[in-house]
Amino acid sequence: MEAPQPSTMQASAMTATNGTPLWLLAELTYRCPLHCVYCYNPVDFALTERELATDDWVRVLREARALGSVQCGFSGGEPMMREDLEVLVAEAHRLGYYTNLLTSGVGLTEERAARLKEAGLDHIQLSFQDSTREMNDFLSHTKTFELKQRVARMIKANGWPMVLNVVIHRMNVDFIDKIIEMAVQLGADYLELANSQYYSFAHVNRDHLLPSREQLQRAERVTNEYRARLGDKIRMFFVVPDFYENRPKKCMNGWGNVFLTITPDGTALPCHTAKMLPGLTFPNVRDLDVRSIWYESDGFNRFRGTGWMKEPCRSCPEQLKDLGGCRCQAYLLTGDPANADPVCDKSPLHGVVTAAVEKAQRPDRERTSVHPLVFRDPMQSRRLTEAAGVPAAAHR
């Protein structure tokens, strides 16, 4: 039986804002051998108990493709920890997706690379933490630097386009020239210098990670100098952290407009961090088909368009440029996901951002004395969840 279409009222309300889930992010697992201090997986990831089975993922791929999805990213955690990864890539390829593997490189052997190539994998994004073994291995709490270099060569040998992704923050931003040189030496086609955005573990570690304005300005200047010098040899993307902007970004290009995330347990989200938001129930693909989730669920409709907005967003002439900014950032910094993203200098709560930026200008000893770095691991996940007073049963 064909899945129901959106109601007339829903359709009329969503005409201008409800797009097609062109980009499907399949978070196959939260299992990961790395323990990065800025990990975007939810802080309570350790309480996720049951991953979707292969058949469930195949059904999700088919339903999302029928709805119009064209690009599929396989991520985690570390997606290489799923033994059925090649099966899922092959099915996505058969359905006509452009497939992208987002990996730390751990688990990508020559044998698995050959199987993924045969399955039709189109693209690999490989993460590094820094350009030196010492800092790379410290930030990930693993000895993986040499392994990542071998994987980078393996990617090139198999003819895949390679995106090198390095999350930038206070502890590596001063070495951005070395990071760029490493990417060139490894033959990366693209380099994402993705300044950390402050959600999940990065939010917990923000005092350690948020760079100073001087650091950020220097890093952007150095990046532009390398762009001019290298030309088309490598394409570089430098993403400025929201805290140093005076207007927020349009969250995921619009809530429930382009992006669909499916978490390891099957929860469907309009962005990968939305599960933290209070007062929202997000559907699960075990219970509903993708079409019903996309068009009819409260979780996907709550912040679509502009009807949900409060002041100052409701009467702002720029509201369609950013749609009020990020709902998760609004919640983390103000306690209410319906508030204007306080990155915006029109927000009455913008002071929480300026205070964080002012703090980032201080010496390390004045910023980081409250708590040490928190590394991503199951024990820390459970401790942080208990500290927040969230019962484990809520995640089952």
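The values are calculated or read from the model by the stated rules, or taken from the named source; none is laboratory data. Bear in mind the structure is a predicted one, so any value in this text is a computation, not a measurement. Here Cβ is always computed from backbone atoms with ideal geometry, including for glycine, and neighbour counts include all displayed protein chains. The area values use the complete protein model at the heavy-atom level, side chains included, leaving out ligands, DNA and RNA. Shrake-Rupley method; radii C 1.70, N 1.55, O 1.52, S 1.80 Å.
His371 sits with roughly 60 Å² accessible to a 1.4 Å probe, with DNA, RNA and ligands left out of the calculation.
At a threshold of 8 angstrom on Cα-Cα distance, excluding pairs fewer than six apart, so keeping six or more, what relative contact order does the chain reach in percent? Walk me through the intermediate numbers first.
Numbers: 715 pairs, mean separation 84.8, N = 396.
Taking the mean separation of contacting Cα pairs over the length of the chain, I get 21 percent.
Its relative contact order, with pairs defined as Cα atoms under 8 Å and 6+ residues apart, puts the range 231-386 at 21 percent. Averaging Cα coordinates gives a centre for the range 20-64 and one for the range 130-204; these two points are 22 Å apart.
Give me the net charge for the shell around Arg327: Cβ to Cβ below 14 angstrom, other residues only, Lys and Arg +1, Asp and Glu -1. For residues surrounding Arg327, the net value is +1. The average projected area of the range 181-321, computed from the convex hull of its Cα atoms over all directions, is 11.9 nm². Taking amide H positions as modeled 1.01 Å from N, with prolines and chain starts lacking one, the residues under 5 Å from Asn195 and 5 or more places away or on another chain are Ile168, Val239. Between the residues Tyr97, Leu333, Phe238, the greatest Cα displacement towards the positive end of the dipole of the chain, with unit charges on the Cβ of Lys, Arg, Asp and Glu, is found for Phe238.
What is the range 276-396 by shape, rounded, prolate or oblate, if you read a ≥ b ≥ c off the alpha carbon gyration tensor as root eigenvalues and call it rounded for a/c under 1.5, prolate for a/b larger than b/c, and oblate otherwise? Could you put the intermediate results ahead of the total?
Values: a/c = 2.86, a/b = 1.13, b/c = 2.54.
Oblate, because a/c is 1.5 or more while a/b does not exceed b/c.
Here the accessible area of the chain is 53 percent carbon and sulfur, with a 1.4 angstrom probe and all protein chains present. A simple spin-label model places the labels of Thr54 and Val239 3.2 nm from each other, with each point 7 Å out along Cα-to-Cβ. Within the chain, the longest run free of GluC sites (Glu not before Pro) that sit in a DSSP loop with at most 13 other Cβ atoms within 10 Å is 84-317.
Simple rule: put +1 on each Lys or Arg Cβ and -1 on each Asp or Glu Cβ in the range 291-356, find the dipole, and look at Val343, Cys316, Trp294; the Cα lying farthest toward the positive end is Trp294. Bridgeable lysines around Lys346 (alpha carbons under 17 Å apart, same-chain partners fewer than 8 residues away excluded): Lys249, Lys250, Lys310, Lys321.
Expressed in Å, the radius of gyration and Dmax of the Cα atoms of the chain are 20.8, 63.
The phi torsions of the range 259-265, fed into the Karplus equation with coefficients 6.51, -1.76 and 1.60 and a -60° offset, translate into couplings of 9, 10, 10, 10, 7, x, 8 Hz, rounded to whole numbers, with Gly and Pro shown as x. Rolling a 1.4 Å probe across the protein heavy atoms gives the chain an accessible surface of 44 Å² per residue.
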